[in-house]
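Trainee: Dumping the structure here so I can ask a few things about it.
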Amino acid sequence: MAKKVLVLGELRDGSLRNVSFEAIAAGKQIANGGEVVAVLVGDNIGSLGKEMLQYGADRVLNVENEKLKHYTSDGYSQALLSVIEQENPKGIVFGHTALGKDLSPKIASKLNIGLISDVTAIEVKEGEAVFTRPIFSGKAFEKKKIIEGIVFITIRPNNIESLSKDENKTGEIQSVSIEIKDLRTIIKEVVKKASEGVDLSEAKVIVAGGRGVKSAEGFEPLQELADVLGGAVGASRGACDADYCDYSLQIGQTGKVVTPDLYIACGISGAIQHLAGMSNSKVIVAINKDPEANIFNVADYGIVGDLFEVVPLLTEEFRRMKVGSSS
Amino acid sequence: MNIFVIMKRTFDTEERISISGGKINEDGAEFIINPYDEYAIEEAIQVRDEHGGEVTVLTVGGEDAEKQLRTALAMGADKAVLINIEDDIEECDQYTISTIIGEYLKDKEVDLILAGNVAIDGGSGQIGPRVADILGISYVTTITKLEIMGEKVLLTRDVEGDSEIIETSLPLLVTAQQGLNDPRYPSLPGIMKARKKPLEELELDDLDLEEEDVEAKTETIEIFLPPAKDAGRILEGEIEAQVKELAGLLNKLV
C-alpha cells in the first residue's frame, strides 16, 4: 500500500548533510510508491530544497523562522508537529544524528507512537517495512517493525544508500509559516571543536589512533593521512583516557559507533569495547607493532609495523596515486 | 532539591554476545550499571552534595536489577526504586518503559532528572526525552557540564564533537554524555551503608497501570549475530613494499 512519508532534511553550515539524501531513499522504500515529502527547518533555508528534489523527494516544505536558527527540541518539535498535523503522513524518517536522536523521541511521545531508532537496513515485504538495527553496539542486530500506525524511524548515517542525483528533476517547494512560542532552552553559544574537518559519523574513511600513538602530536601523521583520503580522525578510549585527544573522537561501545567504507586502525590493540564501535566498517586495515594484537582478528588487511613509519609512507603513496589519477 | 536518576542494568561491556532460542543468551553473563547512567548517578550525587536534597535511583526491570540499584546506593544515592515488570510484561519497548517511568514520576515533585544518553544494549536513546515529554518538562541530551544557580541552569551539550552552551531552568531532564564526570567507585563504608538504605519495589498494579496501557508499539521479529568475517590478510615483505601493496588494494575505496 502506498504511503505518504515525511522526511526531515538536516542543514549544517548552510548545506544539507548527506543523511538527508539517505533519508529520502529510506522514505521511498517505506512509501512503497507513495509521495515522499521533504521538510527543511531553519532560519535561512534558501534554495536547498532543490537538492532534496534532485535526490528523489516529490515535494519540499520549508519551515522558516528566526527562532529556528539553532536546533532546540521545543522549536523544532513545534515546527515538525505542525507539519505532521497538516500533512498527515503514514511514515516519518529522520537521521540518527545528534538532532534526530534528540528530537525523534519527543515527536514520538507527542504522537503517542512507536519509534525504531538507528536503522541500518530496510526491507519491504508485502507492503510492510521491516527494519534492521544494531544492538549491543553492533555485536548483534535485530529486525523490528511498527505494530500499527505511523511508521517512524531514524536512520544511521552512511548505511542506506541515497538515490543517484538527477540534476534535471524539479518539483514544488512550499513555504510553511508557523508561530514558534516558548523556547525553554536557549543556546548561548556554539563552540566548534572537532567538526572542522569531516564529521566522524558520516565519514567514508576514518583513520583512528590508539595508545600506540603515544601523544597528542602523535595524531598529526594520522590527520595527514585522513586529509589525503578526505576522511576523519577517530580514536580508541585508551587514547582519549591518556589525553592524546578529545572524547568527541572516541569510537567504541561508549563513544561513537561508525561504519565507514574504510577504517584504518593505527596503534589500536582492539579491545572488545573498541571493536563494538567499528567492526561493521566495510574494510578494516590494522597497523600495529604487536602481531598478536586483537585488532588483526577483525582486519581485512594488516601490516605489522611501527605506525610512525607506516602511516607517513601510506600517506605519501596515496598522495602519489591521487596525483597520478588526476593528471 | 528532589533529584531522580533513571538507570538501566546492562550487559558488561566485556561480554561477547551469543544467541539461543532467538534471544540474547544471558547465562553466565556479567551485568553492570549502563556506563552512561553511571555518569548520571555521579552527577546527581554531586548536585545533591552542593545544593542539598535527595537522590532517588529508579529502574524498570526484574528482581536482578536490585544488585545495580544497591551499587548506586553504595555510590551515594539516598533511595532506590525498582519497578518490577517481570511478571506482568513479556514484550516491551521504549513506549512501554517511558510510560511506566512517566506514571511513577508524574506526582513526584521533581526538580531534576538525570539519565544516560543511551543504553549500550538497546541503543535507542529514547527514554530520557520521552519521559520529559510525558512530564511536560524540558530536556537537554548528551550533556558534558551542568551548573545550577537557583532556578537557572547552565549546561554544555556535546553535539557530535561541537559544544553548545545552553541556558534553561528547573524542572529539567538531562542525559549524560561521556566526559560529564568521573564516576566514583563505591567505598567499603558506602557499601555497608547501602544495605540499610531504602529500596522500594513496585509493580504495575501499584502505579494503577494495566498491561494494555503500556503495550509495546513496536515488535522485534528476529535477533541475529553479524556475519562472521573472513580471516584477514597480514601483508608480508619490506615495509615499503607492504605499503605499496596496501595502497593498491585500497585504491578503489578511496
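Trainee: Given a cut-off of under 8 Å on Cα pairs at least six residues apart, what relative contact order in percent is computed for chain A?
Mentor: 14
Trainee: Residues of segment B:212-234 with amide nitrogen under 16 Å from the 7 Å Cα-to-Cβ point of A:GLU128?
Mentor: Within reach of a label on A:GLU128: B:216-223.
Trainee: How high is the FRET efficiency from B:GLU90 to B:GLU201, r the C-beta distance, R0 22 Å, rounded to 0.05?
Mentor: 0.65
Trainee: Restricting to bridges with both residues inside the protein assembly as shown, how much of the DSSP beta-bridge set is antiparallel, in percent to the nearest 5?
Mentor: If we restrict to bridges inside the protein assembly as shown, about 35 percent are antiparallel.
Trainee: Distance in nm between label sites at A:LYS69 and B:LYS252, each 7 Å beyond Cα in the beta-carbon direction?
Mentor: Going from the A:LYS69 label point to the B:LYS252 one covers 4.9 nm.
Trainee: Where the centroid of each part is defined by its Cα atoms, how far is segment A:269-295 from segment B:80-154 in Å?
Mentor: 34
Trainee: Could you line up B:TYR104, B:TYR36 from fewest to most neighbouring Cβ atoms inside 10 Å?
Mentor: Arranged by neighbour count, lowest to highest, B:TYR104, B:TYR36 become B:TYR104, B:TYR36.
Trainee: Under a point spin-label approximation (7 Å from Cα along Cα-to-Cβ), what is the A:LYS50-A:ASN168 distance to one decimal in nm?
Mentor: 1.7
Trainee: Now for a different question. What distance in nm lies between label points placed 7 Å from Cα along the C-beta direction at A:ASP13 and A:ALA242?
Mentor: 3.0
Trainee: Pick out, from A:VAL213, A:THR254, A:ALA232, the residue whose Cα sits farthest towards the positive end of the charge dipole of segment A:212-271, with +1 on the Cβ of Lys and Arg and -1 on the Cβ of Asp and Glu.
Mentor: The listed residue farthest towards the positive side: A:THR254.
Trainee: Nearest 500 deg cm²/dmol is fine: what mean residue ellipticity at 222 nm does the protein assembly as shown get from its DSSP H runs of n ≥ 4 alone, each adding -39,500 (n - 2.57), divided by its residue count?
Mentor: -8500 deg cm²/dmol
Trainee: Could you give the dipole magnitude of segment B:109-181 about its Cα centre, charging the beta-carbon of Lys and Arg +1 and that of Asp and Glu -1, in debye to the nearest 20?
Mentor: 80
Trainee: Roughly how tilted is helix A:18-31, in degrees to the nearest 10 and between 0 and 90, from the longest Cα axis of chain A?
Mentor: 50
Trainee: With angles folded into 0 to 90 degrees, how steeply does helix B:94-105 sit against the dominant principal axis of chain B? Use alpha carbons for both and round to 10.
Mentor: Helix B:94-105 and the main axis of chain B meet at about 30 degrees.
Trainee: Given charges of +1 on the Cβ of Lys and Arg and -1 on the Cβ of Asp and Glu, with all other atoms neutral, how large is the dipole of segment A:218-327 about its Cα centre, in debye to the nearest 20?
Mentor: 340
Trainee: Right, another one. Can you give the angle from 0 to 90° between the axis of helix B:35-51 and the longest principal axis of chain B, with both taken from C-alpha atoms, to the nearest 10?
Mentor: Rounded to the nearest ten degrees, it is 40.
Trainee: After finding the eigenvalues of the alpha carbon gyration tensor for the protein assembly as shown, what semi-axes result from the square roots of 5 times each, listed largest first in whole Å?
Mentor: Equivalent ellipsoid semi-axes, largest first: 37, 31, 23 Å.
Trainee: Under the rule of at least 5 residues apart or a separate chain, name every residue whose amide H is placed under 5 Å from the amide H of B:ILE19.
Mentor: B:ASN25
Trainee: Below 12 angstrom from the Cβ of B:THR13, what's the summed charge of the other residues (Lys, Arg +1; Asp, Glu -1)?
Mentor: Taking every Cβ under 12 Å from that of B:THR13, the sum is -3.
Trainee: Starting from the Kirkwood radius over alpha-carbon pairs of segment B:139-199, derive D by Stokes-Einstein at 25 °C in a medium of 0.890 mPa s and give it in µm² s⁻¹.
Mentor: After rounding, the answer is 181 µm²/s.
Trainee: Stretched out fully, how many nm does the piece from A:GLU316 to A:ALA2 gain, at 0.36 nm a residue minus the Cα gap?
Mentor: 107.8 nm
Computed from the coordinates by the stated procedures, all read-outs in this text should not be read as laboratory data. Everything numeric here is computed off the predicted structure, so don't read it as measured data. For neighbour counting, all protein chains shown are included, and Cβ atoms are generated from backbone atoms with ideal geometry for every residue, glycine included.
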